[in-house]
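Engineer: Submitted below is the structure of interest, expressed as structure tokens.
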Amino acid sequence: MNNSKQHAALLCSPGLGHLIPILELAKQLVAHQNFTVTIFVVSSQTSHAESQLLNSTPTNPQLWHAVQLPSPDISGLVIPDDAVVTILAMMMREVRHAFRSALLGMEVCPTMLIVDLFGTESLPIAEELGISKFVYVPSNAWFLSLMVYCPVLDVEVKGDFVHQKEPIQIPGCRSILPQLDLDDTLSVRAHREYLDFVEIISRGVSKGDAILVNIWEDLEPKTLAALRDEKLLGRYTKVPVYPIGPLIRPTESSGSRGKVFDWLDKQPNESVIYLSLGSGGTLSYEQMTEMAWGLELSKQRFVWVIRKPTRTADGAFFTGGNGSGGDEDSPSKYLPKGFLDRTKDVGFVIPLWAPQVDILAHPSVGGFLSHCGWNSTLESITNGVPMIAWPLYAEQRMNSTMLTEEFGVAIRSKIPPWKKVVEREEIEEMVRKIMEEKEGIAMRERVRKLKTSSAKALEKGGSSYNALSQFAKHGELRCMKFANGGK
Ligand code: UDP
């Protein structure tokens, strides 16, 4: 590699939802800031999805490449089944030694380290090497504000959040109801994932030289202002915040597009609702039945990415939704009897995994029932597609509040889907509303404005483009300081 350039080492925690924004950040740094990049990927033992994504992304060893770190063995640790945050925190803690050795073993030492939310315990390695260090929050400013403000809430709020009846106010954000809108990781203080969130994510986020966040200035101006105001959130985080997004996967420009696109090509513009719950989201049997009936009753066209129902909503997190692909994964085994036959002219069911970015970019798609993961949300906004918010876990709940109440680009069920089964009549009503009623049309107009402002932010001279340049300069200054003996 050319050692006159800045060279960023990016540490990526397990999960496709983490790898995708890290890869896109790497591409931006290479394409627009003349960086070289090494991505250190921590994979889960079960996930093939990350390696598939890496293999399908063309690398250029002169500019960027990925190093797969050995999957840490956490089998000896006692962790509740469904505490994804804790599992990720553990894996990232256990991998530190291997990561440090890999960094020290590099032919040319990188000039900066960028970690994601779960990697903050590796920041001291950058200090040891005398290089600059940054935290990348592949999410939005509301969520960043929650992280920054969490130690204050930890002191001020008495008892568990899950029992709080009063709304809480995070500076720069709309007030939220802890029981409904807050990240479920924070529900109960005694749970290990609460402690992991507060220690690793919340306290860790400000331990770098700056924070990168995957939004653009005009999306959340009030929240960004609060984060920079020393009387508000700036009291708790002293480091600069650079909004550099939206960084999302590009559409595939070539290759065989598959049957779903042949089908979409034949549908009228904006007539199809796309349903998908991210890389890990699943429904219960009961909810899946209601969903199928709701769709059928709505009489709207649909593309539905479907996986075998499970007990937990994040049932496929560590498999990237790949399932076994065997007979038991076949939708006919768990969808209502006759559903596939009755809807074959209006619907397209895709088991396990779909080319989401390309589907959302198709002109026939006019709505998205989404779990509100931040990548999916950005993919919807940047394609001007209004949403039905169907949050399941983690920060998806806050995202859904933001999309419905702050941006006005989504609707949601009266009672959140993680609290009780949403019945077919309500699903039918929501689908119709977003696809053909006045409310849906107004949302489409609003989301189109966001689409335009996001594109402007990324253009040369746009706010995100400039923020990335400022960030690169920030890294360079530190680098020069160390080259001059730390003066
Ligand atoms: N995704 C996809 N096909 C699928 C499901 C998900 O391509 O069938 C992609 C989606 O486009 C997004 C990512 O996987 O880029 C999911 O990230 P997100 O932050 O939305 O949710 P998470 O999976 O982290 O919960």
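Just so it is clear, none of the values below were taken in a lab; they were calculated from the coordinates. Owing to the predicted nature of the structure, the values given are computational and were not obtained by experimental measurement. Cβ sites come from the backbone with ideal geometry, for glycine too, and all protein chains shown count toward neighbours.
Engineer: Using a ≥ b ≥ c from the Cα gyration tensor of the stretch 21-153 (square roots of the eigenvalues), is it rounded, prolate or oblate, where a/c under 1.5 gives rounded and otherwise the larger of a/b and b/c decides, a/b for prolate? Don't skip to the end; give the middle numbers.
Structural biologist: Details: a/c = 1.44, a/b = 1.24, b/c = 1.16.
Rounded shape, in that the Cα axes give a/c under 1.5.
Engineer: If R₀ is 25 angstrom, what is the calculated FRET efficiency for the pair Glu445 and Phe261, using the beta carbon separation as r and rounding to 0.05? Mind dumping the intermediate values first?
Structural biologist: Working: r = 26 Å, r/R0 = 1.06.
According to the calculation, E is roughly 0.40.
Engineer: ³J(HN,Hα) across the stretch 114-125 via Karplus (A = 6.51, B = -1.76, C = 1.60, θ = phi - 60°), whole Hz, x for Gly/Pro?
Structural biologist: Karplus values, whole Hz, x for Gly and Pro: 10, 10, 8, 4, 8, x, 5, 6, 8, 4, x, 5.
Engineer: May I ask for the net charge around Val152, where only other residues with Cβ less than 14 Å from the Cβ of Val152 are counted and Lys, Arg are +1 while Asp, Glu are -1? All intermediate terms of the calculation are to be shown ahead of the outcome.
Structural biologist: Details: positive: Lys158, Arg203, Lys231, Arg235; negative: Asp154, Glu156.
Charge balance in the 14 Å sphere: +2.
Engineer: If the chain between His65 and Glu166 were fully stretched, how many nm would it gain, using 0.36 nm times the residue separation less the Cα-Cα distance? Could the numbers behind the result be given before it?
Structural biologist: Values: separation 101, 0.36 × 101 = 36.36 nm, distance 4.85 nm.
The span from His65 to Glu166 would gain 31.5 nm if fully extended.
Engineer: What 222 nm value per residue comes from the helices of the chain, counting each DSSP H run with n ≥ 4 as -39,500 (n - 2.57) and dividing by all residues, nearest 500 deg cm²/dmol?
Structural biologist: Details: 18 runs with 186 residues, N = 487.
Theoretical 222 nm ellipticity from helices: -11500 deg cm²/dmol.
Engineer: Each label point is 7 Å from the Cα along the Cα-to-Cβ direction; what then is the distance between the points at Lys344 and Asp73, in nm?
Structural biologist: Rounded to a tenth, the inter-label distance reads 5.1 nm.
Engineer: Still on this structure, I have one more. If you take every DSSP beta bridge fully contained in the chain, what fraction is antiparallel? Give it as a percent rounded to 5. Could you put the intermediate results ahead of the total?
Structural biologist: On the way: 2 of 49 bridges.
Around 5 percent antiparallel, to the nearest 5.
Engineer: Taking a ≥ b ≥ c as the square roots of the Cα gyration tensor eigenvalues, with a/c under 1.5 meaning rounded and otherwise prolate when a/b beats b/c, else oblate, which class fits the chain?
Structural biologist: Values: a/c = 1.56, a/b = 1.44, b/c = 1.08.
Taking the square roots of the gyration eigenvalues as a ≥ b ≥ c, the chain is prolate.
Engineer: Can you tell me which of 110-119, 145-154 comes out highest on packing, and rank the rest after it, using the mean Cβ neighbours within 10 Å? Before the final figure, lay out the partial values.
Structural biologist: Working: 110-119: 26.3, 145-154: 21.2.
Highest to lowest by the protection proxy: 110-119, 145-154.
Engineer: Let me know the charge dipole size of the stretch 345-415 about its Cα centre in debye, to the nearest 20, where only the beta-carbon of Lys, Arg (+1) and Asp, Glu (-1) is charged.
Structural biologist: On the way: 3 positive and 6 negative charges, 43 e Å.
The calculated dipole for the stretch 345-415 is roughly 200 debye.
Engineer: Follow-up. How far apart, in nanometres, would the label points at Lys337 and Asn269 be if each is projected 7 angstrom from Cα along the Cα-to-Cβ direction?
Structural biologist: 4.3
Engineer: Among the listed pairs Lys165/Lys308; Lys27/Lys449; Lys222/Lys419; Lys133/Lys238; Lys344/Lys433, which are separated by more than 24 Å between their Cα atoms? Working shown, then result.
Structural biologist: Working: Lys165/Lys308 35 Å; Lys27/Lys449 26 Å; Lys222/Lys419 30 Å; Lys133/Lys238 14 Å; Lys344/Lys433 22 Å.
Exceeds cut-off: Lys165/Lys308; Lys27/Lys449; Lys222/Lys419.
Engineer: Give the peptides 350-356, 442-448 in descending order of average Cβ contacts within 10 Å, highest first. Please list the in-between numbers first.
Structural biologist: Values: 350-356: 19.6, 442-448: 17.4.
Those peptides, ordered most packed to least, come out 350-356, 442-448.
Engineer: Now for a separate question. Given axes a ≥ b ≥ c from the Cα gyration tensor, I'd like to know whether the stretch 104-211 is rounded (a/c under 1.5), prolate (a/b larger than b/c) or oblate. Let's see the in-between values first.
Structural biologist: Working: a/c = 3.21, a/b = 2.33, b/c = 1.38.
Verdict is prolate for the stretch 104-211.
Engineer: Going by amide H atoms built from the backbone, whose H comes under 5 Å of the H on Leu11, apart from near neighbours?
Structural biologist: Those lying under 5 Å, H to H, from Leu11 are Phe40, Ile114, Val115, Asp116.
Engineer: Further, regarding this structure: Taking R0 as 41 Å, what FRET efficiency do you get between Ser469 and Asp154 from their Cβ-Cβ distance, rounded to the nearest 0.05? Before the final figure, lay out the partial values.
Structural biologist: Working: r = 36 Å, r/R0 = 0.88.
The formula returns an efficiency of 0.70 here.
Engineer: Please give, to one decimal in nm, the separation of the simple spin-label points placed at Glu425 and Asn55, each 7 Å out from Cα toward the Cβ.
Structural biologist: Going by the 7 Å Cα→Cβ label model, 5.0 nm.
Engineer: Whose amide H sits under 5 Å from the amide H of Gly347, counting only residues 5 or more places off or on another chain, with H placed in the peptide plane?
Structural biologist: The answer is Phe302.
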